[in-house]
Amino acid sequence: MPVVEVNKLSKSYGDLRAVAEISFNVEEGEIFGMLGPNGAGKSTTVEIMEGVRQADSGLVRVAGLDPQKDRNSLRQIIGIQLQSSSLFPKLNVDEHLKAYGSFYTHTRKLDDVVDLVGLTERRRGRAGELSGGQQQRLAIALALINDPQIVFLDEPTTGLDPQARRRLWEIITELRNGGTTVILTTHYMEEAEALCDRLIVMDHGSIIESGTPSSLINKHFSESAIGFSLKDGALIDADAIQSSQYVTEIRNVGSTIEVFAANVPGAISDVLGLAGGGKETIEDIHVRKASLEDVFLKLTGRTIRD
Amino acid sequence: MRALVGLFVALLYEFLRDKTAIFFTFVFPVLFTVIFGVLFTSFDKPTTFDVGIIDNDQSESSTAAIEALRLNPVLNVNETEAVMEMEALRSDDRAAVIEFMKGYETALRMNTKVTIRVFYEPRNQDARQIVIPAVTQSIDTADRMQTGSMPRIIVNPIATETVDLDPIDFFGPGIMAFSIMQIGVFGSINLVVRREKGILKRLGATTIGQATVLGSEVILRTFIASVQLVLQLAVLVFVFGLTILNVGPALALLLFGLLVFIGIGLVASSFAKTEEAVLPIVQSISLPMFLLSGVFFPIDIFPPVLQVISNALPLTFLSDAARQLLIEGPPRFDMWVNLTVLSAWLLVTWVVSIRLFKWE
């Protein structure tokens, strides 16, 4: 029984088609990811589900409610974190939670919420004086104050350093383990891969792919990526590598060359052969599994941050 | 209701922790009041006061009483024509005018009570606190010396109607109305800042509606304005000796005026996306009112062209109404005209701002 149903949803801003007839379901208790570059239509879709925006056409049901018609009852049972941190700079953590708590009939205990997001030490810290990661965790705490069934997180880790990002991933996973449905947007591939049970990939207002992260990768890449860089002054014949029977694709990623192959030992042996054994020419050779980033590149012909 | 209080408390903390805001809403207007108050007041307290005599009895008894007054070191007794003395009182050249009625002596001879009327300017604090007691004391002492114990003469102070206002009397209600305008109009900057930062959008994503957001803003502004008005009244009364009347109705009127100016501020805020954009709009609203709404000087001294502009500004009506209540100053417009114009501004600005309200 899906907790969110979206059917043929469309939304335009003037001439710009932000969302074009998309359909998907979110199951109860999962972390559902919406992956895509900026302007893909993720935020618009989320804000329509939240009842912040009105759809042009299509059907949206969240916990069985119409986000527009049943706006007030819906707001009681969903938690929202917006893309901008949108905090009162001079209010501290507790004061924020008390103010937002006063907007709901049912609220969680303040201590529990503060503990869950790891802000117990900073309860008296004013929002303006918190670090970026702490501000983001406060924004998530505000989304949890009404003990929601469904939490919407719009790019929760954008702009955070890797450590703060991992801290947030733990919190989100903990939420899901507690039975809350989490819907999150991101343009970080590794985030979608690490966090999401299922995801949709959006571009230009449409869903271009959907499934679990590993199923998406397996569907598009049975290969692994062999990455290496060349020593100063060394050259290698790319066409020769491409013509190897094991290599399906060759790419330049910055100073690194990536070779995709299903048979990793065969491909490495071919590459080393072409590079004269490799001792003088190749350094830092490594093998990795294909990632969502590779899937996105394959589907759209560009990287997600372009 | 709980949401309204919750949001108000949040806004209040935000305000109280903003040192710049505190300075400009509380300290600055009080300083402003003091500075202009000093400009409009003379502080050299006279040691003697001119009083006028109108002797309609011209008897031995009245002459004796006037002699007694002359002996009082505080009083400087003048005796000219009755009309001239009353005119002098009106132009502040006399602190009081003392009138002996015809039949004064006859009444004393018959041992019946007799009244001496003392006219004074109701706003003249010295007259009430020094001159009238001095007159009463002199007359009383003289009376007792004659009769032994039973006082026969009653001194009856009568406040006169006056036309001329002291500059500080005029300024007092004006600066209070002006502060109300500032708090109302400039408050909209905060709303724009909160919209710019996405705070309004986030609030709009909860269960609360526009009424709670605007309501909490109105409560906050009313609170700030109330504190401000009390501070200014205290300065005006205790530092500058302003005599104020009808304090309750006057404060109610000013807070009603606040709603009008909040409405104007809200309209301004709906036309601006950023703090940088709303500031010049708000300033261009407040500056003409500062100059042309009769806050500091009566509008009559302006050229007719400017008076036309004055008569279009809402602050003109609020300061006139405040003046009529607080110091019972001469009306520029009838009270009902003031209230009608202010109500019209209230209605129009609030309807427009509710229509144009945006969460983001």
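The values are calculated or read from the model by the stated rules, or taken from the named source; none is laboratory data. All values reported here derive from a predicted model rather than from experimental measurement. No Cβ is skipped: glycine too gets one built from the backbone with ideal geometry, and neighbour counts run over all protein chains shown.
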#### Entry: Selection from region A:11-55 of residues that are in contact with a Cys (Cβ under 9 Å, 6 or more places away or on another chain) and either assigned to a loop (DSSP other than H, G, I, E, B) or of a type in the set (Gly, Ala, Ser) (or both)
A:30, A:33
### Query
Which of the residues belonging to region A:136-163 are crowded, with 17+ Cβ neighbours inside 10 Å and either in a helix (DSSP H, G or I) or among the basic types (Lys, Arg) (or both)?
A:136, A:137, A:138, A:139, A:140, A:141, A:142, A:143, A:144
### Message
Being more than 16 Å from residue A:182 (Cβ to Cβ), out of contact with any Phe, Trp or Tyr (no Cβ under 9 Å at 6 or more places or on another chain) and aromatic (Phe, Trp, Tyr) narrows it down to one residue among A:88, A:152, A:103; which is it?
### Response
A:103
## Note on the structure
residue B:103: passes all of (1) over 30 Å from residue B:151 (Cβ atoms); (2) more than 14 Å from chain A (Cβ to nearest Cβ); (3) of a type outside the set (A, V, I, L, M, F, W, C); (4) surrounded by fewer than 18 Cβ atoms within 10 Å (Cβ to Cβ) but (1)
#### Entry: Matching residues, region B:191-203, being touching a residue at least 24 places away in the same chain (Cβ under 8 Å) and crowded, with 21+ Cβ neighbours inside 10 Å
B:191, B:192, B:195, B:200, B:203
### Task
Being in a helix (DSSP H, G or I), under 17 Å from residue B:12 (Cβ atoms) and at the interface with chain A (Cβ under 7 Å from one of its Cβ atoms) is the filter here, so list the residues in region B:198-218 that pass it.
B:199
### Message
Consider region A:69-95. How many of its residues are within 8 Å of chain B (Cβ to nearest Cβ) and buried (at least 21 other Cβ atoms within 10 Å of the Cβ)?
### Response
7
### Query
Which number in (1) more than 12 Å from every other protein chain (Cβ to nearest Cβ); (2) surrounded by fewer than 12 Cβ atoms within 10 Å (Cβ to Cβ); (3) in a helix (DSSP H, G or I) marks the one condition that residue B:20 misses?
(1)
### Residue among B:48, B:112, B:41, B:20 that alone is without any contact (Cβ under 8 Å) to a residue 12 or more places away in the chain and among the hydroxyl-bearing types (Ser, Thr, Tyr)
B:20
### Hits in region B:323-360 - residues which are outside any helix (DSSP H, G or I) and either surrounded by 20 or more Cβ atoms within 10 Å (Cβ to Cβ) or of a type in the set (D, E, K, R) (or both)
B:327, B:328, B:329, B:332, B:334, B:358, B:360
### Task
Identify, from the list A:112, A:56, A:94, the residue that is over 21 Å from residue A:175 (Cβ atoms) and either in the same structural domain as residue A:147 (by TED's automatic domain parsing) or in contact with a Lys or Arg (Cβ under 7 Å, 6 or more places away or on another chain) (or both).
A:56
### Task
Could you check, for region A:17-28, whether at least one of its residues is under 19 Å from residue B:200 (Cα atoms), out of contact with any His (no Cβ under 9 Å at 6 or more places or on another chain) and modelled with pLDDT of 90 or more?
no
### Message
Show the residue pairs meeting these rules: Cβ distance below 9 Å; 6+ apart or different chains; first residue within region B:294-321 and farther than 22 Å from residue B:169 by Cβ; second residue among the small types (Gly, Ala, Ser) and crowded, with 16+ Cβ neighbours inside 10 Å.
### Response
B:314/B:257; B:314/B:293
### Task
Could you identify the single residue in B:82, B:95, B:10, B:64 that is surrounded by fewer than 19 Cβ atoms within 10 Å (Cβ to Cβ) and under 34 Å from the mean Cα position of the chain (by Cα)?
B:82
### Summary
Pairing a residue in region B:239-251 that is in contact (Cβ under 8 Å) with a residue 24 or more places away in the chain and farther than 20 Å from residue B:35 by Cβ with any residue that is of a type outside the set (Ser, Thr, Tyr) and part of a loop (DSSP other than H, G, I, E, B), where Cβ atoms lie under 6 Å and the two sit 6 or more apart in sequence or on different chains, gives B:243/B:123; B:245/B:328
#### Entry: Residues of region A:96-122 that turn out to be part of a loop (DSSP other than H, G, I, E, B) and more than 14 Å from chain B (Cβ to nearest Cβ), as a count
5
